[in-house]
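Nothing in this text is a laboratory measurement; each read-out follows from the coordinates by a stated rule. From a predicted model like this one, the values you see are computed outputs, not experimental measurements. Don't worry about glycine lacking a Cβ; one is built from the backbone with ideal geometry, like all the others, and counts go over all protein chains shown.
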Amino acid sequence: MSELFQFVFFQHALLMGLLCSVACGVIGSYVVVKRISFISGSIAHSAFGGIGLSYLLGFNTLLGATGFGMVTALLVGVVKERFKQQEDTLIGVIWSLGMAIGILCISLSQGYVGDLFSYMFGNILLVSHADLVVVAILDVVVVSGVVVFFYPLRAITFDETYAKVLNLPVSRLYVFLLELITLTTVILLKAVGIILVIALLTLPAASARNVTQDLKTMMGLAVLLGAIATTSGIWMSAFLNLPSGPLIIVISSAIYLVTLFRH
Amino acid sequence: MTPILHLRMLELMQDPILFLSHVEYAYGKKPALIDVCFSMMPLDFVAIIGPNGGGKSTLVQLIMGLIQPDKGHVLLFNEPPEKGRRHVGYLSQASTMDAQYPIKVLDVVLTSRLLGNLWHRVTQKDREEACECLDLVGVLPLQNRALSDLSGGERQRVFIARALLNGPRLLILDEPTSSVDPQAERAFYELLKILNEKMAILMVSHDISAVSQLVKKVACLNQKLIYHDSKELCAHDLEATYGCPVELIAHGVPHRVLHAHE
């Protein structure tokens with residue numbers, strides 16, 4: 001069992017799992033308490049448009065997903081502010097339009113379509129050193145964003161009206177939160193893929209929500225539960241020769257079910 | 001000069017803390033408020049009653065600067081609501097808040113310290129003042145409990161403590177008794193009586209019985225606002241507001257608010 005640790009790919013995978021757990025535990029907690037899984041899902045899925053675009057034009061896909069996702073997050077913020085009546089429909093449109101753009105771009109390019117599968121479902125055992133560096137930087141950005149703006153973000157996710165009355169820049173803070181969700185999506189991309197991002201973003205946080213009544217504790221616990229799910233998922237993936245992403249999600253769901261009964 | 005007349009003259013010399021002039025607001029083509037004029041003086045205690053859908057919450061949102069009037073204007077402490085609202089303690093309707101949010105009671109109150117400054121870091125002094133507010137509303141022992149563990153009445157007191165933290169000169173309460181049982185309601189009015197010694201209170205409710213003996217003035221709102229300069233309600237105004245005959249019920253002599261009916 002321990003000989004697995006000698007392989008660089010395995011060390012990379014475990015490290016990636018931990019980096020993912022930090023981002024999805026912290027940001028996922030806001031997603032869960034603000035009940036914006038659907039909005040987060042649309043941002044995550046539309047990031048695929050960025051992957052396709054960068055695939056076609058031949059630049060770094062994580063960079064492409066980040067740029068595309070950040071524009072989408074801004075768009076979602078505008079929709080929420082200006083088009084409240086059609087919010088649900090428009091978010092759905094953004095969700096599928098991003099995916100469609102991604103698939104069209106990849107079809108237009110002459111590349112190897114096997115990569116498409118890995119972006120859809122992720123493969124944490126194929127993480128490169130460069131990926132780790134990018135994800136580590138994004139992790140630092142996301143975590144410092146939350147450390148600096150923890151209280152205003154809590155204020156707008158708890159009671160938006162009161163936050164407005166306090167003259168906090170509610171709309172801008174909301175877009176900021178959506179941008180952090182975008183970055184978290186990019187962090188999770190290699191590990192679990194686009195399709196499963198939303199599950200890892202919500203499951204550890206929702207599990208933590210079932211056992212604690214304090215946002216800070218919830219974040220810490222979500223990070224821990226995420227770390228347990230990714231680490232054990234990676235082990236099982238290596239031993240059973242099954243894809244890591246779905247295994248991580250199955251384990252996260254199992255943890256969620258256990259906490260649900262405790263709740 | 002009688003003392004009462006003297007007080008009355010002092011009142012007239014002061015600026016109103018809240019001033020609405022010919023305010024109109026419509027949702028699309030459906031008017032919510034028509035030509036509303038209204039003002040409040042320091043230490044007033046006004047109740048606005050009216051049926052559901054009569055525009056009460058719209059009025060509160062206009063006063064708080066959360067929406068802008070189509071016509072007319074609103075002044076809070078001689079300033080536009082966006083500025084003047086820093087002097088207002090605001091209690092929104094219970095239904096607009098997430099009672100299941102994972103947050104401790106003391107942290108709910110401390111939220112108010114973010115007023116206009118998202119960089120604010122909570123200090124020991126903030127905590128002490130928040131505890132004073134919790135003590136004033138009688139829920140200090142609950143300070144470390146989770147909000148979701150509290151009863152409706154306790155939760156509402158926590159939100160009042162939050163509204164009090166920045167030392168407001170006007171307290172605005174939107175349907176404050178909707179999630180409170182009758183016993184807690186009486187205690188709640190006792191609390192308002194104490195608070196009214198230091199600040200003006202504007203209360204909005206669909207429930208006529210909310211007009212307790214503490215309230216100094218009453219206004220009826222159903223798109224149009226009928227303002228009484230006292231708390232005596234007459235059946236005619238109530239019928240105009242509720243759109244149907246309203247039976248006035250007197251609450252016995254010590255609690256009499258409404259005219260005794262024949």
Fill in the blank from the handout: Quick note on A:SER96, A:SER109, A:SER54, ordering by fewest other C-beta atoms within 10 Å, gives A:SER96, A:SER109, A:SER54
Completion exercise
The simple spin-label model distance between A:LEU240 and A:LEU257, using points 7 Å out along Cα→Cβ, in nm, is 1.3
Fill in the blank from the handout: Rounded to one decimal in nm, the spacing of the 7 Å Cα→Cβ label points at A:ARG172 and A:ALA100 is 3.5
Practice task
Rank these for me by crowding, B:ASP126, B:ASP15, A:ASP139, going from fewest to most other beta carbons within 10 Å.
Solution key: B:ASP15, B:ASP126, A:ASP139
Exercise for the section: Sort out for me the Cα centre separation of segment B:66-137 from segment A:196-247, rounded to whole Å. Expected result: 36
Practice task
With the cut-off at 23 Å, report for segment B:14-255 the share of all Cα pairs above it, as a whole percent.
Solution key: 50
Exercise for the section: Using only Cα positions of the protein assembly as shown, each an equal point scatterer, no hydration layer, compute I(q)/I(0) via Debye at q = 0.06 Å⁻¹ and quote the log10 values to two decimals. Expected result: -0.38
Exercise for the section: State log₁₀ I(q)/I(0) for segment B:28-101 at q = 0.22, 0.24, 0.25 Å⁻¹ as given by the Debye formula over alpha-carbon point scatterers of equal weight, solvent excluded. Expected result: -1.23, -1.39, -1.45
Exercise for the section: Could you calculate the FRET efficiency of A:SER128 with A:ASP214 from 1/(1 + (r/R0)^6), where r is the beta carbon distance between them and R0 is 35 Å, rounded to 0.05? Expected result: 0.40
Fill in the blank from the handout: Quick calc, B:HIS73 & B:ASP207: beta-carbon distance into FRET formula, R0 22 Å, rounding 0.05, result 0.15
Completion exercise
Going residue by residue through segment B:173-178, the Karplus relation 6.51 cos²θ - 1.76 cosθ + 1.60 with θ = phi - 60° gives ³J(HN,Hα) values, rounded to whole Hz and with x marking Gly or Pro, of 10, 9, 6, x, 9, 5
Fill in the blank from the handout: A correct fewest-to-most ranking of B:TRP119, A:TRP235, A:TRP95 by other Cβ atoms within 10 Å would be B:TRP119, A:TRP235, A:TRP95
Practice task
Let me have the relative contact order for segment A:2-262, percent, based on Cα pairs under 8 Å that are six or more residues apart.
Solution key: 32
Practice task
Take the Cα of A:ILE228, step 7 Å along the line toward its Cβ, and report every residue of segment A:188-203 whose backbone nitrogen sits under 13 Å from that point.
Solution key: none
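What's the Kirkwood radius of segment B:1-152 in Å, using all Cα pairs?
18.4
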Fill in the blank from the handout: quick note, the protein assembly as shown, DSSP beta bridge pairs, % antiparallel (nearest 5) is 50
Fill in the blank from the handout: Hydrodynamic calc, chain A: Kirkwood Rh from Cα pairs, then Stokes-Einstein at 37 °C with viscosity 0.692 mPa s, so D in µm² s⁻¹ is 177
Exercise for the section: Only helices at least 24 Å long along their axis, Cα-based, and averaging 0.0 or more on Kyte-Doolittle count here, so list those DSSP H runs from chain A. Expected result: A:8-34, A:37-57, A:61-82, A:87-108, A:129-158, A:170-192, A:194-211, A:215-240, A:244-262
Exercise for the section: For segment A:53-121, count all C-alpha to C-alpha pairs, find those more than 14 Å apart, and express that count as a whole percent of the total. Expected result: 64
Exercise for the section: Please give the length that would be gained between B:GLU190 and B:SER151 if that part of the chain were fully extended, namely 0.36 nm times their separation in residues minus their C-alpha to C-alpha distance (nm, one decimal). Expected result: 12.2 nm
Practice task
Estimate the FRET efficiency between A:GLN6 and B:GLN100 by the formula 1/(1 + (r/R0)^6), using the beta-carbon distance for r and 60 Å for R0, to the nearest 0.05.
Solution key: 0.80
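Near A:GLY28, within a Cβ-to-Cβ distance under 13 Å, what is the net charge of the other residues, with Lys and Arg +1 and Asp and Glu -1?
Result for the neighbourhood of A:GLY28: +3.
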Completion exercise
Summed over the other residues with a beta carbon less than 14 angstrom from that of A:ARG172, with K and R at +1 and D and E at -1, the charge totals -1
Problem - All-pairs alpha carbon distance profile, segment A:112-253, 5 Å steps from 0, percent - result: 2, 9, 15, 20, 20, 14, 9, 6, 3, 1, 0, 0
